[in-house]
Structure formats: C-alpha cells, structure tokens
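Below: the structure, in structure tokens.
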Amino acid sequence: MKQPLLAFNDKGIYCAQANVYLDPWRPVNNALITHGHSDHARWGHKNYITQHMNVPIIKHRLGNINVTGKDWGETFTINGVMFSFHPAGHIIGSAQIRAEYKGEVWVFTGDYKTEDDGISTPYEVIKCHNFITENTFGLPAFKWQPQSEVMNDINTWWAQNKAEGKTSVLFGYTLGKAQRLLKHLDTDIGRIYTHGAIENMTEVLRQMVDFPETTLVTRDTKKEDLNGSIVLAPPSAHGSTWIRKMTPFVTGSASGWMAFRGARRRRAIDKGFVLSDHCDWTGLLESIKATGAEKIICTHGYSDIFSAYLREQGYDARTEHTQYEGDEGETTDSEAKSELKEGES
Ligand SMILES: [Zn+2]
C-alpha cells in the first residue's frame, strides 16, 4: 500500500513527501498552521507558515517566531507537494489547508464554520478526495440558530439589564468569540467595556476589521460608568475579584456549549446564548458532501459517533487521535461527556 500524503503520528499531521506538519502539537521544524487558537498554533516550531491575517495573531500569542504569511489560495510547492490556504470561517485568519500531490487532493479543515459571521473570511468549499474534518459539535442535538437571531437576543438582554440598573457581563473566549460579539453589539444601547485580555487581542485585530469602540476596565473605571454598560470578558474571569467591581451585574455566556442546559448551571451563569464558531451537525454533513470527498478522517470532538454515522451513509470514514482540544475556555471534553451521560441535549 502506498504511503498516504497526510498521516497522523505522535507530533501531528505529517506530510512525509514535503517534510512538513499541519498544526503539530509537538515542536517540529516546519509547521503549516490553520489558525491562532492555542491547541492549533503551538509554541516551539522552527518555521511557521500560515495565512497573512493569522501572522499578527500568532505573533501576539507566541512572541518572536519565524513566520511566513500566504494569501488566500496562493499556492506554494514543497518537494512536489502543492499547498494553499483557504478560508475556514472559524475566526479571523482561520484557514483550511489544501495539499495536492500527483493529482490527489487532501483538505485539512482545522476548525471551521459555514455561517458568515461578518468578521472572518467566509468558509469556502474545496473539492478534494480526502477530507480531514473536526467534529467539535458532531451530534444531531447541535443545531444553531442564525447569528442575527442570537445577537438580537443578546442586545435585548443587555437593554433589559440596563433598564434594571445592572451591568451586563458577557463571556466569550478571547480570540474570535469576543470580537464576533463586539462587532454585532448595538452601540445605541450603551458603552462596551473590555477585560484586558480581550482588549489586547482586539487591538491586534483592528488592523484587519472595523470594530465598535471599546473601553478597557481599569482600576480607575467608575462603577457609575459600568452601570448599564456591557463588559466583554473571557470565561476565566468569572468568579474573580475583577468581576466584583461590576456589582450589581448579571452574567451571560455565548458558546455552542450553552446548548447544554447543564453547562450554564454548572458555571453559575445567569443567561446562556448558543453561539458557536464551529459547524453544527447539519453544517458538518453539508460541508462534507459539498467537498465530494469519499474518504473522511474525523479528528477532534464527537469523532467516533460522527465517523460511525458517516460509514452508515456510505463514506469511507475513520477517526484519528489528535491533541486538538476545542477552543480555549469553551469546555473540556470530560465535561461534555458527563453532560451526555446526564442525558441532556
Ligand atoms: Zn479554533
């Protein structure tokens, strides 16, 4: 049997012909990186190659690294293998990686979503023979509402909290979710404040996307100013001394995991908004079909359930073990599993 173009080993997804890794989880010489989340863009590689927009993001996160940026669809050849980056629609600068060798095409999605969120370059269907897909929300129970509806709910919630004289604290992870929320908040309602981690990352992204004005919460920020405002914070800020400044406040969280009622309850969050930067069940199935691929490799998320379903549908599908963990602050795998055992959906 001939060696597959992309194979999984203990360091990552390896292309032996080109001697490069895709989103490796252990230090390597040459790494092609799909996007800036910490489980995909790790520290310690000698050379990074990624889409242009992701360059300032990973420099912000990883410091002084050796990185080359590529345009969308720009092809570059390494030892006969032709590579290119294509929009994954997951966060700003997130890419799928296409690899072609002797007429055979592979696509690795990294993380992706098909809905246009208004800030990320929208997902593009890439025809291929072999499709390596994430399955973060690969269960039929996950079915997203359109972003416009969710943002409408969030803005209504904010206005109600303001009318009750409260500060709205909205949790979303630092890279991606926070800016997606920011972009679609209704600035007619009030001012938007930020936690330092979100302010810093947003500052990096302002060179690529127009965002509403934000004000950093500092020691000097007055309680009266926060009252009626909305504060964007990473999930880790919940329960911290930092948040007490907002009193009286109500908390909300925007995440795909909010589809699980228990997730909101366990975190003691007042209001959950189901808003994910990944495909839902239908989004995954439609994307896979659109690629025309016959061979599907499922990486992280509900891969076993999802690949079994694909086999029932006639695909040549299997699961490969990776160290992609899902996006920071969203949830842990064990939490999701315990929730499934509780039988909630
Ligand atoms: Zn991600």
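The values are calculated or read from the model by the stated rules, or taken from the named source; none is laboratory data. The shown structure was predicted, so the numbers you read here are calculated from the model rather than taken from an experiment. Cβ atoms come from the backbone with ideal geometry, glycine included; neighbour counts cover every protein chain shown. In case anyone asks, the SASA skips ligands and DNA or RNA and just uses the protein heavy atoms, side chains included. Shrake-Rupley method; radii C 1.70, N 1.55, O 1.52, S 1.80 Å.
Details
- Inter-site label distance for Asp186 and Gln3 at 7 Å from Cα along Cβ, in nm: 5.9
- Relative contact order of the stretch 251-318: 24 percent, from C-alpha pairs under 8 Å at least 6 residues apart in sequence.
- 0 to 90° range, to nearest 10: angle between helix 147-163 axis and the chain longest Cα axis: 20
- For the pair Phe76 and Asp220 in one chain, pulling the backbone fully straight at 0.36 nm per residue adds 46.8 nm over the alpha carbon distance.
- Protection proxy ranking, highest mean first, for peptides 248-259, 191-202: 248-259, 191-202, where packing is the per-residue count of other beta-carbon atoms within 10 Å, averaged.
- Beyond 21 Å in Cα-Cα separation lie the following of the pairs Lys113/Lys177; Lys70/Lys295; Lys162/Lys271; Lys46/Lys295; Lys11/Lys289: Lys70/Lys295; Lys46/Lys295; Lys11/Lys289.
- Solvent-accessible area of Thr221, all protein chains in place: 20 Å² (probe radius 1.4 Å, heavy atoms, ligands and nucleic acids excluded).
- Accessible surface computed residue by residue for the chain, with neighbouring protein chains in place and a 1.4 Å probe, gives 43 Å² per residue.
- The share of accessible area on the chain that comes from carbon and sulfur is 47 percent, using a 1.4 angstrom probe.
- Ordered by 1.4 Å accessible area with all protein chains kept, Lys59, Lys143, Lys70 run largest first as Lys143, Lys59, Lys70.
- Ordering of 225-237, 260-272, 88-100 by packing [mean C-beta count within 10 Å, highest first]: 88-100, 225-237, 260-272
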